[in-house]
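Structure first, then comments.
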Amino acid sequence: MRLFLDTANLEEIREINRWGVLSGITTNPTLVSKENDDPEALWKEILAEVEGDVSLETTEPEADPMYKQGLHLAQMGPNAVVKVPMTPDGLEAGKRLVAEGIRINVTLVFSPAQAILAAEIGAYIVSPFLGRIDDVASDGMYALRQICEIYDIQGYDTNVLAASLRHPMHVVESAIAGADIATMPYDVFVKLVKHPLTDVGLQKFAQDWQALQRNLKGGA
Ligand code: G3P
């Protein structure tokens, strides 16, 4: 399972990128708005910062302008992936972009039925939003498991990207469900590396090493 960072913040991207585990970035209009910067310039910097896929989201609601915006976003870099929403216009624009050889990510997906539609238009990625499904007292992980099972049975090539992840167990369970990609905010990514026993173990090793150095100096 590839690990993506769900952010438009360059400092967060640089920090996780240095770990050697970052396979891509997902952005959306909310994340870009948080940076309060020119979107085009920001997207270019992000595209240059990582080798993997970078999802850039369309904002035009109607099919034709969305398609044209998608063409523009796609030419921003070889690693650009164009996000379109799960709407009739998004499907129309998405299918036209796919016909142009552009890789699309169908976003705002909340059900297996929607995920089937995304696969049928030949999407490169489908993004079910697990956390937001949980927010409305439904089961996001169950929806993800169903989508992965359907894609497996039907032989769909579309990559399942588990999105709207809120904690490390969302990431672990997405991997067990068979998701191809998990995208998560910086704070969740940082939690993946942390374990209290690692901290305790490291402290003990350091103490014992220092004690050895003192003993060796004392004995000299
Ligand atoms: O970027 C799409 C998705 O991951 C958004 O997550 O936390 O805003 O529900 P969230």
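The values are calculated or read from the model by the stated rules, or taken from the named source; none is laboratory data. This one's a predicted model, so the numbers in the text were calculated from it and none came from an experiment. As a convention, Cβ positions derive from the backbone with ideal geometry for all residues, glycine included, and neighbour counts pool all protein chains shown. Please note that ligands, DNA and RNA were not included when accessible areas were found on the heavy atoms of the full protein model with its side chains. Shrake-Rupley method; radii C 1.70, N 1.55, O 1.52, S 1.80 Å.
Numerical summary
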{"item": "Per-pair calculated FRET efficiency, R0 = 25 Å: V136 and I176 via Cβ, rounded to 0.05", "result": "0.60"}
{"item": "Amide H partners (placed H, <5 Å) of D6, local residues excluded", "result": "T26, M184, Y186"}
{"item": "Net charge dipole size for the chain [Lys, Arg +1 and Asp, Glu -1 on Cβ; Debye, nearest 20]", "result": "960"}
{"item": "Over the chain: helical MRE at 222 nm, DSSP H runs n ≥ 4 each giving -39500 (n - 2.57), nearest 500", "result": "-17000 deg cm²/dmol"}
{"item": "Rounded percent of accessible protein surface that carbon and sulfur make up, the stretch 2-194, 1.4 Å probe", "result": "51"}
{"item": "Lysines with Cα under 23 Å of K194, excluding same-chain neighbours fewer than 8 positions away", "result": "K204"}
{"item": "Whole-number D in µm² s⁻¹ for the chain, Kirkwood Cα-pair radius fed into Stokes-Einstein, 10 °C, 1.306 mPa s", "result": "85"}
{"item": "Residue-wise HN-Hα coupling along the stretch 11-28, computed from phi with Karplus coefficients 6.51, -1.76, 1.60 (Hz; x: Gly, Pro)", "result": "5, 4, 4, 5, 5, 6, 4, 6, 6, x, 10, 8, 9, x, 10, 10, 10, 8"}
{"item": "For peptides 150-162, 112-124, sequence by mean Cβ density within 10 Å, most packed first", "result": "112-124, 150-162"}
{"item": "Kirkwood hydrodynamic radius of the stretch 94-188, Cα pairs, Å", "result": "13.2"}
